[in-house]
Structure formats: C-alpha cells, structure tokens
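Reviewing the structure listed below.
The values are calculated or read from the model by the stated rules, or taken from the named source; none is laboratory data. Just so it is clear, the model here is predicted, and its values are computed rather than measured. When we count neighbours, we look across all protein chains shown, and the Cβ atoms used for this are built from the backbone with ideal geometry, even at glycine.
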Amino acid sequence: MGAGGGHLRGDDPQAPEVSDMRGDDHSETGMGHGAGRDPAWRREMRRCTKCRQMDPPLIHYDPEGGWAHPLFHEEGNTDAEVLFIVEAPNYADTYDPTKQRLTVRPDTDPSGRFFDHILRHVLGLKPEDVYVTNAVLCLPRKRKGRYYVLPALVQACSENLRRILVEVDPKVVVTQGRKALHAIKNIERHRLEFKEAVAKPHEWFGRILFPVYHTSALARVTRSARQQEEDYAKLRELLQELGCFVRPLPAT
C-alpha cells in the first residue's frame, strides 16, 4: 500500500450507536457514488505549500522530482462509510510518474498486498468502497536516511486531516498503527493506549474509531497475519452491526 508506516473487539463492550445522517445509497455494485470523484476540497489541498515554506522545510525535496506534494486516494470513495488513516506517503507514490497518488493495490509493496487481501477477503470490500488517507499528506523530509514524521508535520497537517474527516463523513474511522492513532489527537483528544485500544470500537469525533495494527511486514512480526485477519473479522462484524455496506466474502 502506498502509505507509510493498526483489532479485536472485547467480549464485553457493545458497539456504540451511531446516528446515520446520510441516506442508505448502497447497491450491489458498490458504496454510494463518491468513487473516483475529485471534489473541491481535494483540489484545494493540492495547492498547499505551507510545510515547504518552513525553516527547515518539513517535507521532502528531491533534486529531480522537486517538492513532495499532497497525495490522495484518487480511486477511493469520497462518500465512504469507512475511512482508513495510515501515517505518511512513501517515496514511490510521490515521485513515480505512473503513480503520483496514494496507491491502494496489491502490486505496490508487501503492505499493499496484505491490505488488499484484508479488504477483499476479510472485510468484503474493495478499494473503491473505502477512503484511505495519511495522517500527513506529503512525504516527510529525509533525515539520516529515513523519512521521519515529526510531530511538527503532524500538527501542521492536522487541519487537512480534519477536513478530510468532515468531508468524507465516515461512520467508522480505522487508524492503522500507533502513530496514526496518536496523530488524530490533534483533531479530538483521546486517552487511548494503542495496545489496549486495538480491535475495539471507541466513540471519537462523533463516529466510531477502530484502531488496528499497520499491515506492513514489520508490524506482522508483532501481530501476525493470522491475528490481523482475526482483528479485521471483528471489524467486519462491527460494520454489519452498524448497517454499513459490505460485500459477500469470496469463496475460499
């Protein structure tokens, strides 16, 4: 998955109730009509240059490719009932001329392959049924050989993330990884600790928050692929309880 770098509901708690202010525009072909649109809010964010103007700049500059720029899940559903938040874009999505967007497909990297498997075979969703974003929209500045996501960058991009949440207006927000869960504190404070919060529904920002581990190979060392599949099976149950659109699971 073209995003940088995480779920079991407890046996006791009941899923919080959510009021649905939108019509149920589900169909056999997908969720709503927001897939593939390029709304005005996204066009406005593409023009953002705030972080490159800071001293030092918070985002990456490549001598050949120029400044990093905001990346979006272009094929995603901007009316999605489920929104995934990861951490930060990667270099390939930022500078590969065939991409230039947040890619959610199996041929991107091991994380993308596993996430695609989770979406289709555990949740019963396709990439165009959901919306995926990063906590920061641009590739962070490279420091000591790595693209560290500094707190200042997370803070600077928090208004963009808030706007995405408001505009997409999902019923369920799924944060992938510890850093994504921490980043959303800039939108509305929470006291959740990652390990205790994983795979359980929580009320947050007028919707349901469901933290999970990142789908990267590294995260699967801590929480195995089998465990993550079990986590996402719990998420599918929650989506069904809330009346969200899910597809029948493919035959195994």
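Points to keep in mind about this one:
- Restricting the search to strands (runs of 3 or more DSSP E) fully inside the stretch 153-228 and requiring at least 3 residues that are under 30 Å from R52 (Cα atoms) gives 172-175.
- Looking across the stretch 90-106, just one residue is hydroxyl-bearing (S, T, Y) and closer than 15 Å to G76 by Cα, and that is T103.
- Residue count, the stretch 110-136 (criterion: over 16 Å from the mean Cα position of the chain (by Cα) and modelled with pLDDT under 90): 1
- One residue stands out among those in the stretch 82-94 that are part of a helix (DSSP H, G or I) and touching a Leu at 6+ places or on another chain (Cβ under 8 Å): the one that is surrounded by the most Cβ atoms within 10 Å (Cβ to Cβ), which is T94.
- Among the residues of the stretch 184-192, none qualifies, meaning not one is of a type outside the set (V, I, T) and under 12 Å from the mean Cα position of the chain (by Cα).
- Scanning the stretch 129-138 finds one or more residues that are out of contact with any Asp or Glu (no Cβ under 7 Å at 6 or more places or on another chain), acidic (D, E) and closer than 22 Å to R247 by Cβ.
- When Q176 is tested against the conditions (1) touching a strand residue (DSSP E or B) at 6+ places or on another chain (Cβ under 7 Å); (2) at pLDDT below 95; (3) among the polar types (S, T, N, Q), the lone failure is (2).
- Any hit, the stretch 233-241, residues being in a loop (DSSP other than H, G, I, E, B) and surrounded by 14 or more Cβ atoms within 10 Å (Cβ to Cβ): no
- Residue within the stretch 84-104 that is over 13 Å from the mean Cα position of the chain (by Cα) and aromatic (F, W, Y) present: yes
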